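Novice: One structure coming up, written as structure tokens, with questions to follow.
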Amino acid sequence: GFLNDLLQSKGINLVIEEVTICENEASEFAWDKRKVIFDVHCRANSGEEFVIEMQNESQDYFSDRVVFYMARATSRQQKKGFREVVDEKGKTEKLPWDYHMKNIYGVFFMNFKDDKRPKALSHCALMDTDDKVIDSEIFQYWKIQLPFYREMKESDCKTIMDKWFYILANMSTMETALPFIEEKPLFMRLAEIAEYSALTEAQQLQYDESLDNYLSYYNTIEYSKNFSRCLPYGRPSCPS
């Protein structure tokens, strides 16, 4: 829901139907022990696939680092060897990689302010600097400076993305229910996830065990109901 709202806020009319969260950054790039990146592979309802790169850590040369990670995600798509193409006559031909790539969108949460660009939300892309037209839609990203949203009030949130970022930036210190739930019920699910993640490891294990016991009991009762309908008078509609 968050990614769909973010993409559509810039007119990127994709609806994500499937999300796969991958492992942390590849081992060959982990020499500095900075575990700041994770990939989210997405498939849209159009069948298009694309990659979201996300991170949450401050560092010198942050903007340069963002470009590095986006370029790395782009270069990983290089195809080795040849690709097979079938022409109109059904003949198969082997051709080299043609540089066709999946779109890559970066989402970079910043727990600090950028003195060079004091702006809560920035959307960046490769574009012609004269007419401001995006040159390639393959490569674009957002930078979100969370401290700005911690300084806001609920009444300052005008757009749906303002509300997303306001909640994400402040939910750990909120003492009441999350705001805007009536407007966007998905925020209720966000609150449930946050409550679970705030538990200690021991509490999470206790909760998981309790939930498992409840589900086992519920399924046992449901099975008993279904089975009891099979016994009397002609055994009607017995479950397979």
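Novice: How do the pairs read when you match residues in region 61-77 that are within 15 Å of Ile138 (Cβ to Cβ) with residues anywhere that are part of a helix (DSSP H, G or I), using Cβ under 9 Å and keeping only pairs 6 or more apart or on different chains?
Specialist: Note: pairs meeting the criteria are Arg72/Phe29.
Novice: Can you name the number of the only condition in (1) surrounded by 13 or more Cβ atoms within 10 Å (Cβ to Cβ); (2) without any contact (Cβ under 8 Å) to a residue 24 or more places away in the chain that Ile104 fails?
Specialist: Ile104 satisfies every listed condition except (2).
Novice: Restricting the search to region 158-188, which residues are in contact (Cβ under 8 Å) with a residue 12 or more places away in the chain, outside any loop (DSSP other than H, G, I, E, B), open to solvent by 50 Å² or more (accessible area, probe 1.4 Å) and more than 15 Å from Trp142 (Cβ to Cβ)?
Specialist: Correct list: Ser172, Leu186.
Novice: Also: Which of (1) assigned to a loop (DSSP other than H, G, I, E, B); (2) more than 26 Å from Gly1 (Cα to Cα) is the odd one out, the single condition Gly47 does not satisfy?
Specialist: Of everything listed in (1) assigned to a loop (DSSP other than H, G, I, E, B); (2) more than 26 Å from Gly1 (Cα to Cα), Gly47 misses just condition (2).
Novice: Just the residues that are surrounded by 11 or more Cβ atoms within 10 Å (Cβ to Cβ) and either of a type in the set (A, V, I, L, M, F, W, C) or in a loop (DSSP other than H, G, I, E, B) (or both), please, taken from region 120-144.
Specialist: Ala120, Leu121, Cys124, Ala125, Leu126, Met127, Ile134, Ile138, Phe139, Trp142, Ile144
The values are calculated or read from the model by the stated rules, or taken from the named source; none is laboratory data. Source: prediction; values computed, not measured. Quick reminder, even Gly has a Cβ in these numbers, built from the backbone with ideal geometry, and neighbours come from all protein chains shown. We work out accessible area using only protein heavy atoms, side chains counted, and drop any ligands, DNA or RNA first. Shrake-Rupley method; radii C 1.70, N 1.55, O 1.52, S 1.80 Å.
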